[in-house]
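S.K.: Just dropping this structure here.
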Amino acid sequence: MSHAATPDYAAVLAQIHAEIEPSLGQGRVADYIPALARVPPRQFGMALCLLDGREYCVGDALVPFSVQSIAKVWAVALALRGAGEELWQRVGREPSGNAFNSLVQLETENGIPRNPLINAGALVTLDVLMDHVPDPVEAILGFVRGTARGVTVEVDEEVAASELAHSDRNYAVAHFMKGFGNIRHELAPLMRAYVRQCAIRMHCLDLCRSFLFLANHGVVPASGLRVLSHRQTKRLSALMFTCGFYDESGDFAFRVGLPGKSGVGGGVAAVLPGQFAIAVWSPALGRFGNSLAGIEALDRFTTRTGLSVF
């Protein structure tokens, strides 16, 4: 397809859905979180939102799911609004090259997480956010609802409780950073906020709408509301591009060529600045904790349309 041609997006999504369908269910759901272990693995949804208001959906795009680590993007956006550049004194901006829940680098790097999109960095981001808002999860929910009209978003309290009961590794990470003075609030409310942030539940179309401000240089297209500066949006998108898929971030950049963020609930959200946001959901994960069908679908989308940052 010519890069200058306007793609038939409905046909492209339908074709990708048909091609992906035989392989759905390959991989494993996030069975270390009991509430997520029960999610049927063969589901697949995809949504595309253009800045001009056009929207396209295919498959299970209106079936709600747990966004998990995708919510870290919204938390970083809010922390940037509240703390600005001070955030970077407590969390880095480099890819980790390790698993999302790794403690390895914290020992040698004095409790400073590599980036805000791994678990350690997300805990620090929430700790920073707690200095600026009374309830960080309510602030995140309000932020998401404000980024697009008609967004239906809530916390799945069953998933949150399930995660909290299996948070030993994250508690270890938080204790470790607290020992270095990089976590300043009490751990119990911090961890409750963390699991509730991860348990935010929405469907592909709403997720796609909620990321449109990143495709529009920090401005919500539907309302004209500026939620981040152009510079902050550029920086957040750069973090997504280099760090949004844990130790599979380089391969995602190689295959898909878009800034994006994944979650172990099987969701993936990505943007092409100046053009669109796109979201995919399929709960079966590969070995790095990212949706196998979701990444394959985005690879096919950018290859077929010629639309990526390259």
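The values are calculated or read from the model by the stated rules, or taken from the named source; none is laboratory data. Given the structure is predicted, the values throughout are model-derived calculations rather than measurements. Neighbour counts are summed over all protein chains in view; Cβ atoms, including those assigned to glycine, are modelled from backbone coordinates with ideal geometry.
S.K.: In this structure, does ALA61 turn out to be at negative phi, in a loop (DSSP other than H, G, I, E, B) and over 14 Å from the mean Cα position of the chain (by Cα)? Before you say what the answer is, go through the steps one by one.
M.R.: Numbers: at negative phi: yes; in a loop (DSSP other than H, G, I, E, B): yes; over 14 Å from the mean Cα position of the chain (by Cα): yes.
Yes.
S.K.: Would you please name the residue that is surrounded by the fewest Cβ atoms within 10 Å (Cβ to Cβ), looking only at residues in the stretch 125-136 that are without any contact (Cβ under 8 Å) to a residue 60 or more places away in the chain and part of a loop (DSSP other than H, G, I, E, B)? Can you show your working first?
M.R.: Taking the stretch 125-136 first, the residues without any contact (Cβ under 8 Å) to a residue 60 or more places away in the chain are 125, 128-129, 131-135.
Right, trim to part of a loop (DSSP other than H, G, I, E, B) and you get 131-135.
Details: ASP131: 13, HIS132: 13, VAL133: 17, PRO134: 7, ASP135: 14.
Residue satisfying both the conditions and the ranking: PRO134.
S.K.: Continuing with this model, one more query. Among what's in the stretch 60-116 and is β-branched (Val, Ile, Thr) and in contact (Cβ under 8 Å) with a residue 24 or more places away in the chain, pick the residue that is nearest to ALA269 (Cα to Cα).
M.R.: The first filter runs over the stretch 60-116 and keeps only residues β-branched (Val, Ile, Thr), leaving 63, 67, 70, 73, 76, 91, 104, 108, 112.
With the extra rule that they be in contact (Cβ under 8 Å) with a residue 24 or more places away in the chain, the set shrinks to 63, 67, 70, 73, 76, 91, 112.
Details: VAL63: 15, VAL67: 10, ILE70: 7, VAL73: 10, VAL76: 15, VAL91: 23, ILE112: 26 Å.
Taking the candidates together, the pick is ILE70.
S.K.: Tally time: how many residues in the stretch 22-45 are at pLDDT 95 or above and assigned to a helix (DSSP H, G or I)?
M.R.: Number of matching residues: 0.
S.K.: In the stretch 287-310, what count of residues is obtained for those that are at pLDDT below 95 and surrounded by fewer than 20 Cβ atoms within 10 Å (Cβ to Cβ)?
M.R.: First, the residues of the stretch 287-310 that are at pLDDT below 95: 287-289, 310.
Those left that are additionally surrounded by fewer than 20 Cβ atoms within 10 Å (Cβ to Cβ): 287-288, 310.
Qualifying residue count, the stretch 287-310: 3.
S.K.: How many residues does the stretch 55-99 hold that are in contact with a strand residue (DSSP E or B) (Cβ under 8 Å, 6 or more places away or on another chain) and either over 16 Å from PHE245 (Cα atoms) or not charged (D, E, K, R) (or both)? Break it down stepwise before answering.
M.R.: Of all residues in the stretch 55-99, those in contact with a strand residue (DSSP E or B) (Cβ under 8 Å, 6 or more places away or on another chain) come to 55-73.
Cutting the leftovers down to either over 16 Å from PHE245 (Cα atoms) or not charged (D, E, K, R) (or both) gives us 55-71, 73.
Going through the stretch 55-99 one residue at a time, the tally reaches 18.
S.K.: So which pairs qualify, if the first residue must be in the stretch 4-17 and over 12 Å from ARG54 (Cβ atoms), the second must be assigned to a helix (DSSP H, G or I), the Cβ gap must be under 6 Å, and the two must be at least 6 apart or on different chains?
M.R.: VAL12/ARG304; ILE16/ALA297; ILE16/ARG300
S.K.: Helices (runs of 4 or more DSSP H) wholly in the stretch 199-243 with at least 1 residues that are under 15 Å from GLU55 (Cα atoms) and among the hydrophobic types (A, V, I, L, M, F, W, C) - which ones?
M.R.: Qualifying helices (runs of 4 or more DSSP H): 204-210, 212-215.
S.K.: I'd like the residue in the stretch 205-258 that is over 16 Å from the mean Cα position of the chain (by Cα) and among the hydrophobic types (A, V, I, L, M, F, W, C) and, out of all such residues, is surrounded by the fewest Cβ atoms within 10 Å (Cβ to Cβ).
M.R.: Filtering the stretch 205-258 for residues that are over 16 Å from the mean Cα position of the chain (by Cα) and among the hydrophobic types (A, V, I, L, M, F, W, C), the one surrounded by the fewest Cβ atoms within 10 Å (Cβ to Cβ) comes out as PHE254.
S.K.: Quick one: which residue in LEU87, LEU48, LEU13 is modelled with pLDDT of 95 or more, closer than 30 Å to GLU138 by Cα and either part of a helix (DSSP H, G or I) or out of contact with any Leu (no Cβ under 7 Å at 6 or more places or on another chain) (or both)?
M.R.: On the way: LEU48 fails: either part of a helix (DSSP H, G or I) or out of contact with any Leu (no Cβ under 7 Å at 6 or more places or on another chain) (or both); LEU13 fails: closer than 30 Å to GLU138 by Cα.
Only one candidate passes the filter, namely LEU87.
S.K.: Looking at ARG114, is it of a type outside the set (A, V, I, L, M, F, W, C), in a loop (DSSP other than H, G, I, E, B) and surrounded by 19 or more Cβ atoms within 10 Å (Cβ to Cβ)?
M.R.: Yes.
S.K.: Would it be correct to say that LEU24 is closer than 23 Å to GLY286 by Cα, touching a residue at least 12 places away in the same chain (Cβ under 8 Å) and crowded, with 23+ Cβ neighbours inside 10 Å?
M.R.: Working: closer than 23 Å to GLY286 by Cα: yes; touching a residue at least 12 places away in the same chain (Cβ under 8 Å): yes; crowded, with 23+ Cβ neighbours inside 10 Å: no.
In short, no.
S.K.: Considering only the stretch 169-187, I want to know if a residue exists there that is surrounded by fewer than 21 Cβ atoms within 10 Å (Cβ to Cβ), at pLDDT 95 or above, part of a loop (DSSP other than H, G, I, E, B) and of a type in the set (Lys, Arg).
M.R.: Looking through the stretch 169-187, at least one residue is surrounded by fewer than 21 Cβ atoms within 10 Å (Cβ to Cβ), at pLDDT 95 or above, part of a loop (DSSP other than H, G, I, E, B) and of a type in the set (Lys, Arg).
S.K.: Here's a follow-up. So which of ALA161, ALA148, ALA122, ALA139 is under 15 Å from the mean Cα position of the chain (by Cα) and either surrounded by fewer than 16 Cβ atoms within 10 Å (Cβ to Cβ) or not charged (D, E, K, R) (or both)?
M.R.: Working: ALA161 fails: under 15 Å from the mean Cα position of the chain (by Cα); ALA148 fails: under 15 Å from the mean Cα position of the chain (by Cα); ALA139 fails: under 15 Å from the mean Cα position of the chain (by Cα).
The match here is ALA122.
S.K.: When the stretch 254-277 is examined, which residues are found to be among the hydrophobic types (A, V, I, L, M, F, W, C), farther than 18 Å from LYS72 by Cβ and touching a residue at least 12 places away in the same chain (Cβ under 8 Å)?
M.R.: Across the stretch 254-277, the qualifying residues are VAL256, LEU272, PHE276.
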